[in-house]
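> This is the structure I have questions about; it appears just below.
The values are calculated or read from the model by the stated rules, or taken from the named source; none is laboratory data. Please read all numbers here as calculations on a predicted model, not as lab measurements. Ideal geometry is used to build each Cβ from the backbone, glycine not excepted, and the neighbour counts take in all protein chains shown. All accessible areas refer to the heavy atoms of the entire protein, side chains included, with ligands and DNA or RNA removed. Shrake-Rupley method; radii C 1.70, N 1.55, O 1.52, S 1.80 Å.
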Amino acid sequence: MKMKLTMVEKIRILLRRKNVTIVELSNRIGTTNQNLANKFKRDNFSIKELDEIAKALDCEFEGYFVDKDGERI
């Protein structure tokens, strides 16, 4: 059985791969380090914030649902 990563785990992996600290990420997306740290603790990000994080890390965020027939919505 494949384990699903939390959004925080996915962001942490990207940060390591891009060699970016959480402090640097908070600066890039225009928020405080404290605010971002709180979001990491709660694992609570809006789609808009995930898009901003993706842009700050030079990648894309693709948020979608996958229907039982495989259709992405």
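> Using the beta-carbon distance between Glu60 and Val23 and R0 = 30 Å, what value does 1/(1 + (r/R0)^6) give for FRET efficiency, to the nearest 0.05? Don't jump to the answer; show the numbers that get you there.
On the way: r = 23 Å, r/R0 = 0.77.
So the FRET efficiency works out to roughly 0.80.
> Give me the 1.4 Å probe accessible area per residue for the chain, excluding ligands and nucleic acids, in Å². Intermediate values should be presented prior to the final figure.
Working: 5910 Å² over 73 residues.
Per residue, the chain has an accessible area of 81 Å².
> Okay, next question. What percentage of the solvent-accessible surface of the chain, computed with a 1.4 Å probe over protein heavy atoms, is contributed by carbon and sulfur atoms? Walk me through the intermediate numbers first.
Working: 3050 of 5910 Å².
Carbon with sulfur: 52 percent of the solvent-accessible area.
> Starting from the Kirkwood radius over alpha-carbon pairs of the chain, derive D by Stokes-Einstein at 4 °C in a medium of 1.567 mPa s and give it in µm² s⁻¹. Please report the intermediate quantities before stating the final value.
Values: Rh = 13.3 Å.
Rounded to a whole number, D works out at 97 µm²/s.
> Another question, if that's okay. Net charge within 14 Å of Arg28 by Cβ-Cβ distance, Lys/Arg positive one each and Asp/Glu negative one each, not counting Arg28 itself? Mind dumping the intermediate values first?
Numbers: positive: Lys18, Lys55; negative: Glu24, Glu49, Asp51, Glu52, Asp58.
Net charge around Arg28: -3.
> Considering the dipole of the chain built from charges on the beta carbon (Lys and Arg +1, Asp and Glu -1) around the Cα centre, which of Leu50, Ser26, Ile73 is farthest to its positive end?
Ser26
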